[in-house]
Amino acid sequence: PPLAICDERQRTYIVYLGSHTQQYTPDQILETHHSCLTSVKDSEEEARASLIYSYRHSINGFAASLTPQQASKLNELEEVVAVIESRPRKYSTHTTRSWEFSGLNLAAGYDVAESMKKETTMAEAGDLLHRAGYGKSLIVGILDSGVWPEAESFSDEGMEAVPKSWKGICQTGQEFNSSHCNKKIIGARYYIKGFETYYGRLDATEDYRSPRDKDGHGTHTAATFAGRQVRNASALGGFARGTASGGAPLARLAVYKKIGGNTCFDEDMLAAMDDAIADGVQVISISIGADEPLSPVNDSLSIGALHAARKNVVVVCSGGNDGPTPGTVVNTPPWILTVGASNMDRGFLGTVVLGNGLKITGQTVTHHKLPKRLPLISAADAALPWVPDNETDQCLPDSLAPEKVRGKIVVCLRGSGTRFLKGVEVKRAGGVGFILANTAALGDDVFLEPHVLPTTAVTYDETREIVRYIRSAKGNATARLREPRTVLGYKAAPFMAAFSSQGPNVIHPYILKPDVAAPGVNILAAWSEASPPTKYNFDSGTSMACPHVAALAALLKAIHPTWSSAAIRSAIMTTASTRNNKGKTITDERGHTATPFQFGSGQFRPSKAADPGLVYDASYTDYLLYLCSYGLKNAGERFNCPRFPPPMYDLNYPSVSVPKLNGTLTIKRSVTNVGGDGNAVYFFSAKPPLGMTVTARPSVLFFSRVGERKEFTLTIEARDLKETKEYYGGGGYRFGWYSWRDNYHVVRSPIAVSMG
């Protein structure tokens, strides 16, 4: 922009040069990057001083301090693919029972170590975990806020030697030395240059200048991904007591920490991904995303994941926590496996008994009770006069009048401020307990964490009942809080979390996102002891769903080491389920039927994914051709876009998204036979979106060997164009499915269509 030419302030930019075209040494690559910088700097010394990172492994590029004018000049160079400005808050983190609920055999009493010693029985041979060796041959990476290495989840007791394929390091630092790496945590690094370039030197009281985790998020996701079995684990108060385990409990863990708590910088994350690929990591779990959907040339996670796909590394990312607003899902390129969050069937029930006898069954993990009837008041009726009208019911800091709250239970609405600090405010004002009440937008999403007072969290419908009672009592409302209890199977599940970001995919409209859903609400896992109160803690978010799917990807990688990252993604997607544990269609948080824009292909099913029958495979070259159609012409080394690249909708993806259909569209797909029987016959069936027809040609696929690939076309057509356009008015989407079936497998793909 013209105004940027006059702006001489230094900012951090990533200059992306694609891939390395030849086998240069790291020093030669560094000199090339210095030379590039020298072309826009006043001296070689200034150029060297401005360099923050030189990406020298799989990714070719560098991060440097530049003025907008210098960045603009570099962007004009032929060898430069993109120049990306880094800024704080562009990215942030998306923050026991879950594996058992998902079908993995990790229930209490099931001992991984003992199982590994036994001879394999026929029953065990069919078990996903046993077939995968519990992930013991795999190296997995976590890009997050670090790790608390002393947690039992990261014990290396009984584990074999570190795989020879490992090429990484154990980087030491503040309260983290080489002894904190072992045969479980085989490597650890931290990335701070981007953070300190922007903010200055890190305050050691805010975060560790090392791979050690300060806030707990990274420890939680790492333990969910690959934590060892820990018996008798529970949250504060003994809630959810049982055996905690990661999905790939014997996988080797490499930790890549980005410094800065919830603030993530492009240049630090790209450096971490470049190292992870070079270190020998096979699956990377990233519970981080942008604050809004980003185009491929402005998204460092997308760039890093593309290079990972080139090396056949599976990258799994959280889809974001900005639901239920449509079009908010992030981490959406086709080479990333994107995960939404769902609820489980476990409840920590804390009953509120109102003064009129009505019993409200909320949820809590605060081990307190208020057995006597106490006065009940809405925060809106106890707010100080200066509090804005739209905040009176929120229990924000210093908002409640002590003379109105003292000795009472307070109803606080969620929405603004943190849930924990609402309880702190009630306690400050003299309250003895509080009810954390959902708004209409939050529906049935109930987040659990320890509080400073007896607490029960309630759904929106329950909130309405409580508010109705308070109004009818005319200042004489009372309530008591019963002691909580843990209940399994208390409601139909899974159901989608309201916070889980939704499609459509605004950046890649022909790619349906998210891909799948997994448990992401009230997940118990290891926690940083620098962030009290307990060694194990509940957390919620697509951040928690992501490592569930990453663990399944690792198990599939162990069972099928020759499969591509696309084949693994396909197996997870086409075997997902759209049914809950009651046999009904998965719903959203309000009980309405959920759609593929919420759960993608459905809830992941670990027990089915190892034998999908057919897979939709794709290569790095396919992704480059896709980017050619997208408009990015020089993403790959020595790769020239054809004059007429294939349309984006022809990328061989396991789902179908068609924006603005104008009558009829025919797309191309191919499937590869990976079933146990080489001779197989698959038949096509479809449930089209309303007003559409969906046909395949051919409609029967004959396979004679494993590894054989068959092509087909899929034609989507509006039956009555004018009538269908009227029905789809406003650009809304409708959904359907198509499947390939043999005698055993159902290979299922969702369809999303809007009319032009």
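The values are calculated or read from the model by the stated rules, or taken from the named source; none is laboratory data. Only a predicted model underlies this, so the values are computations on that prediction, with no experimental measurement involved. Every residue, glycine among them, receives a Cβ derived from its backbone with ideal geometry; neighbour counts consider all protein chains shown. Ligands, DNA and RNA are stripped out before the accessible areas are found, and what is left, the full protein with its side chains, is counted by its heavy atoms. Shrake-Rupley method; radii C 1.70, N 1.55, O 1.52, S 1.80 Å.
Checked against the criterion of being modelled with pLDDT under 90, over 14 Å from P249 (Cβ atoms) and surrounded by 14 or more Cβ atoms within 10 Å (Cβ to Cβ), the stretch 110-125 has at least one qualifying residue. Looking only at residues in the stretch 217-244 that are at pLDDT 90 or above and part of a loop (DSSP other than H, G, I, E, B), which one is nearest to A554 (Cα to Cα)? Restricting to residues being at pLDDT 90 or above and part of a loop (DSSP other than H, G, I, E, B), the top hit is G227. Residue by residue through the stretch 393-430, note down the ones that are out of contact with any Pro (no Cβ under 8 Å at 6 or more places or on another chain) and on the phi > 0 side of the Ramachandran plot. Matches in the stretch 393-430: C395, D398, G415. Residue check: is T418 open to solvent by 50 Å² or more (accessible area, probe 1.4 Å) and within 30 Å of the chain's Cα centre (by Cα)? Answer is yes for this residue. Counted as qualifying within the stretch 644-715 are the strands (runs of 3 or more DSSP E) with 1 or more residues that are at pLDDT 95 or above and among the aromatic types (F, W, Y), namely 680-687, 700-703.
In the stretch 203-216, is there at least one residue being in a helix (DSSP H, G or I), crowded, with 16+ Cβ neighbours inside 10 Å and out of contact with any Leu (no Cβ under 7 Å at 6 or more places or on another chain)? For the stretch 203-216, residues in a helix (DSSP H, G or I), crowded, with 16+ Cβ neighbours inside 10 Å and out of contact with any Leu (no Cβ under 7 Å at 6 or more places or on another chain): absent.
Here is a yes/no grid of residues against (1) part of a loop (DSSP other than H, G, I, E, B); (2) under 18 Å from V81 (Cβ atoms); (3) at pLDDT below 90:
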site: L3; (1), (2), (3): no, no, yes
site: R9; (1), (2), (3): yes, no, yes
site: Q22; (1), (2), (3): yes, yes, yes
site: D27; (1), (2), (3): no, no, yes
site: H34; (1), (2), (3): no, no, no
site: K41; (1), (2), (3): yes, no, no
site: E46; (1), (2), (3): no, no, no
site: Y53; (1), (2), (3): no, yes, no
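The residue list K710, K660, K687 contains one member that is in contact with a Leu (Cβ under 7 Å, 6 or more places away or on another chain) and surrounded by fewer than 20 Cβ atoms within 10 Å (Cβ to Cβ), which is K710. Here is the figure for the stretch 451-470: residues that are surrounded by fewer than 21 Cβ atoms within 10 Å (Cβ to Cβ) and either in a strand (DSSP E or B) or in contact with a Pro (Cβ under 8 Å, 6 or more places away or on another chain) (or both) total 0. Checking each residue in the stretch 349-363 for being of a type in the set (S, T, N, Q) and open to solvent by 40 Å² or more (accessible area, probe 1.4 Å) picks out N356, T361.
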